[in-house]
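These notes are about the structure you will find just below.
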Amino acid sequence: MHSAVFLIEFGAIILGLGLLGRVAGRLRFSPIPLYLLAGLAFGEGGLLPLGASEEFVAIGAEIGVILLLLMLGLEYTASDLVSNLKTQYPAGLVDFTLNALPGAVAALLMGWGPVAAVVLAGVTWISSSGVIAKVMGDLGRIGNRETPVILSILVLEDLAMAVYLPIVTALLAGVGLAAGSLTLAIALGVAGAVLFVAVRYGRLISRFVSSDDPEKLLLVVLGLTLLVAGIAQQLQVSAAVGAFLVGIALSGEVAEGTHTLLSPLRDLFAAVFFVFFGLNTDPASIPPVLLPALALAVVTAGTKIATGYWAARRAGVGVRGRWRAGGTLVARGEFSIVIAGLAVTAGIEPSLGPLATAYVLILVVIGPLTARYTEPVAAWVRERRGAGAPAVAATTEAAAAAGAAGEPGVERKAADGRSEPAVLGELGEGAEQAGQPSAEQDPVGRS
């Protein structure tokens, strides 16, 4: 009976996700917000809470994040990673400054204390690699010029978690400096070792994994990825970082074959991840903290857009790509919930959990929208501003002509009392009659 209920529940979830994906495809936007709303409907306090399949959905969600990061890693080589990290580390510092400080300040203003401030700083700092990976794939931006900049910032954030999580764990547990330092050293050592193996022995790993049989290739790559991700997480390093580095280590035909084989699995488990995120949120806990969460979301959405814009400009990306980079980085997700969960378990601040959940839900819904529409909105604003440029240029050019003629415009205004724009308009007409281009014809005056 239990297995029958499980099959019915899980089958209904997958079918519902497929239908929601079709709706999103018809409307031409990312299905992530719809997946999250479906999770809210099936979670605690929702319209139809699940029972038998919740544990399986939780495991599927973890696999979904791992596969998303593995597929991202397959797009780039180890040399690309090292080069981007060397050139983009200033962007990581800017990212930390602009996005961690608002969370810390908000916690202190609400009187939650320094430990809660460190926790909330992490919640607002880290973007969601899983959501962003899905959004870039949905929008077809994996090969865009700004994508390496986005990935560099995400990888820097994920690697920073290897330092941040042990620190937070030590603060929440109240352990001494020696114990905290040991945990941090272990985490850094593991992250460094995995990165070293991926960069130094990537070709050997690809040869070991390579197979002409798709079945064997799928099993070996999937097993290796889950193994490395599990070991990394067990040693206080992000499982996402481990999966990403496995993808980096694979190259050539192995990477191409793996991408083809794992794409359907990635899409399935990624959808399950977003549903699980909604399942763990009680809708009744959101209203009391909605206003502060909304204010924090607005501020940190702006700071993330500024971070992406600055980093992309520094990398020589065009204006449109800069806005796309900023809008893509807005979403928060899995790391923010993990960080808040640590604080809730430790009993630091009862309101921290619901606030973090509401904050992440707001940005995980808004994130795909900002990724899609930030650049078009910025272009529209530039066009609106540029619409006034010809009039300003006309005034400037006519004033210069008046100055060259001994400023007759000023004298005529004093003599006949007419306004300066009328005099300048006549000067523009005189310039056209004399064969000089007026400001309306001057290409400099156009946006």
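The simple Förster model, with R0 at 30 Å and r as the Cβ-Cβ distance, assigns GLU253 and ARG320 a FRET efficiency of 0.30. For the peptides 35-42, 239-246, 201-208, the ranking by packing is 239-246, 35-42, 201-208, with the highest mean count of neighbouring Cβ atoms within 10 Å listed first.
Using Cβ point charges alone (K and R +1, D and E -1), the dipole size of region 55-140 about the Cα centre works out to roughly 240 debye.
Highest mean first, the peptides 123-135, 361-373 sorted by other C-beta atoms within 10 Å per residue fall in the order 123-135, 361-373. A Stokes-Einstein calculation at 20 °C with viscosity 1.002 mPa s, built on the Kirkwood radius of region 260-320 over Cα pairs, returns a diffusion coefficient of 140 µm²/s. In region 220-370, taking the dipole from charged Cβ atoms about the Cα centre, the farthest positive-side position among ALA325, GLY347, ALA249 is held by ALA325.
We did not get these values from a lab; they are worked out from the coordinates using the rules stated. Every value quoted in this text rests on a predicted model; they were computed, and no experiment measured them. FYI the Cβ positions are ideal-geometry reconstructions off the backbone, even for glycines, and counts take in every protein chain you see.
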